[in-house]
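Structure record follows, encoded as structure tokens.
What follows is calculated from the coordinates using simple rules that are stated; it is not laboratory data. Owing to the predicted nature of the structure, the values given are computational and were not obtained by experimental measurement. Neighbour counts are summed over all protein chains in view; Cβ atoms, including those assigned to glycine, are modelled from backbone coordinates with ideal geometry.
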Amino acid sequence: MSVLAPIDWGIIGIYFLIILGIAWWVIQKQNNNTDEYFLAGRNLGWFVVGASIFASNIGSEHLVGLAGSGATDGVALAHYELHAWCLLVLGWIMAPFYMRSRVFTMPEFLEKRFNSTARWVLSLISLVAYVLTKVAVGIFAGGIVFGVLLPDINFMGLNSFWIGSILVIIFTGLYTILGGLKAVAYTESLQSIILIIGSILVTYYGLEALGGWNELRRICGTDMFNLWKPLVPEGLESTWAPVKSDTHMAWYFNDRYPWLGMLLCAPIIGLWYWTTDQYIVQRTLGAANLTEARRGTIFAAFLKLLPVFIFIIPGMICFALATKGYEGLDKVLLDEKGQIISINAQQAFPRLVATILPPGIRGIVVAGLLAALMSSLAGVFNASSTLFTMDFYSKFNPDANEKSLVRIGRIATAVMVLIGLLWIPVIQGSRGLYDYLQSVQGYLAPPIFVVFFFGIFSKRMTAKGALWALGVGFAMGLFRLAIDTPKALIEGFSYEEGSFFWLINSIFFQYYSLLITIVCGLVMWLVSRKSEAPSLAQIKGLTFSTLSEKDKMENRASYTTKDVIASALVILLIIIAYMFFSG
């Protein structure tokens with residue numbers, strides 16, 4: 001039985017018509033050239049850039065995974081959401097290099113800074129990462145949402161999980177294939193507005209049903225409102241011995257996001273994601289100029305401060321309502337001891353939508369949920385097609401014309417849609433969606449972070465150093481993934497205690513990620529020092545020490561005092577948030 005009233009269906013129908021109308025308008029005005037299809041003609045304004053960045057980021061992992069983490073761990077994962085400062089790093093430090101080089105992709109920038117092999121290696125790593133994280137997570141979340149809102153739908157033997165996943169991925173793939181980045185960016189701008197309004201309404205009605213903010217703090221307790229988790233598992237402060245838990249092996253450290261991992265490791269993932277990942281940076285590459293690109297990142301940084309309040313807090317509200325037995329939520333989310341069931345916690349946000357919202361409002365919020373699902377998938381489809389077309393196909397077919405490249409881009413998008421559909425059985429039984437996402441990114445991000453930042457900040461870094469860092473880091477990440485996978489997929493599987501595989505699997509993922517970063521940094525530095533330095537002609541304008549006076553003047557002319565003040569305000573708001581959620 002559907003929890004949606006006729007008025008809800010009407011609102012959802014209007015939303016889809018508007019999205020289709022925008023996509024159709026973009027498609028009709030589009031020229032079949034690569035600038036237009038992959039980078040929206042390089043004429044996006046700051047509002048569209050910022051809203052599109054936000055919509056691409058705030059997708060399925062937030063409305064399902066992040067809200068679920070709020071129900072289980074409180075504000076622990078708010079650290080990742082308070083990485084809005086990373087967007088300022090993109091706008092003020094990295095974007096000038098990207099915009100000046102006129103590249104289509106992040107791997108193409110590595111080719112300019114190092115060589116073509118570095119470009120292909122990064123493209124391969126990025127495509128693997130997109131399949132393992134963004135596509136998989138988007139499909140899984142779509143199934144969760146439909147499973148809660150339309151639990152009784154069946155068609156040709158498929159339940160609501162499968163039907164929802166398939167419909168979301170096909171619809172999104174369709175307008176992405178036809179419209180390219182401009183269709184994605186313009187639809188995402190609308191989707192951002194709907195998503196923010198809808199999520200604010202969930203927080204408002206949730207607090208109203210619960211009895212207010214003070215009641216939420218009373219039920220959840222101080223620990224759930226504290227960002228800084230202890231290093232050592234509670235009760236083991238004096239022994240520091242290995243400890244087993246139901247979900248993970250904690251090797252000498254707390255496995256529920258201790259403060260040291262959040263302080264040192266989380267920023268590595270944040271800087272990789274926000275400043276070097278094609279999925280995000282492609283929006284700034286589509287900006288009309290550096291000024292619009294930077295202002296877009298500043299606007300996105302402001303928006304990025306919202307998820308703590310519109311996703312994590314609703315997850316905590318859902319836990320509090322379940323504790324009070326509201327509308328039978330306790331029977332779905334809690335065990336016999338009143339503890340949250342981790343796998344069911346992923347239903348927290350859609351459960352709130354189904355239980356606390358009045359008809360009409362529910363339709364707006366469901367449209368927002370669908371917006372989040374589609375925007376994240378649309379972003380990864382477009383980024384993947386750009387990577388494949390510009391970094392692989394165009395290299396092997398240098399004489400391909402513009403129409404041919406656009407056609408291959410559309411085919412690549414369709415292939416990603418197909419891969420996404422085939423991935424559904426693999427991820428249907430996944431647990432801890434946000435944990436899964438952050439751990440995989442923690443294994444794959446470090447070598448990319450090292451290569452980009454070392455490459456820009458030091459002119460002495462060489463192509464050999466970059467390749468060795470990428471190769472060693474990618475191998476270390478895949479090795480950890482291979483060790484983790486059996487334990488994640490096979491019920492009851494465990495390694496022999498004290499064995500090498502047990503030791504690797506037991507290290508909390510953030511510390512392993514930090515280890516990869518240190519190893520990659522050392523490898524890149526050592527190999528670069530032992531190899532011939534790159535010529536000045538090759539790296540001119542691609543590192544800070546090789547910028548010309550003209551480059552510096554153009555950069556200074558691209559911002560005003562208002563941009564500086566806005567950026568400072570973002571930093572101030574982040575500091576206030578950290579102080580507020582410090583116990």
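Structure notes:
- Label separation (Trp259 vs Val564): 3.4 nm, computed from points 7 Å beyond Cα along the C-beta direction.
- Derived scalar couplings ³J(HN,Hα) [the range 81-97; Karplus, 6.51 cos²θ - 1.76 cosθ + 1.60; whole Hz; x for Gly, Pro]: 6, 8, 7, 4, 4, 5, 5, 5, 4, 4, x, 8, 10, 8, 4, x, 5
- Full-extension gain in nm, Ala414 to Arg556, via 0.36 nm per residue minus C-alpha separation: 46.9 nm
- Ala287 long-range amide H proximity, modeled H, under 5 Å: Leu44
- Phi to ³J(HN,Hα) by Karplus 6.51 cos²θ - 1.76 cosθ + 1.60 over the range 535-551, Hz, x for Gly, Pro: 6, 4, 4, 6, 9, 4, x, 10, 9, 4, 7, 10, 6, 7, 4, 5, 4
- Peptides 496-509, 560-573, 282-295, 115-128 ordered by packing proxy, namely the average of other Cβ atoms within 10 Å per residue, highest first: 282-295, 115-128, 496-509, 560-573.
- Long pairs among Lys304/Lys464; Lys134/Lys540; Lys395/Lys464; Lys304/Lys459; Lys229/Lys464, criterion Cα-Cα beyond 30 Å: Lys304/Lys464; Lys134/Lys540; Lys304/Lys459; Lys229/Lys464
- Computed 3J(HN,Hα) for the range 387-392, one whole-Hz value per residue from the Karplus formula 6.51 cos²θ - 1.76 cosθ + 1.60 where θ = phi - 60°, is 4, 5, 5, 7, 9, 10, glycine and proline marked x.
- Taking amide H positions as modeled 1.01 Å from N, with prolines and chain starts lacking one, the residues under 5 Å from Leu227 and 5 or more places away or on another chain are Ser582, Gly583.
- Applying 1/(1 + (r/R0)^6) with R0 = 41 Å to the Cβ-Cβ distance of Phe479 and Asp399 gives a FRET efficiency near 0.55.
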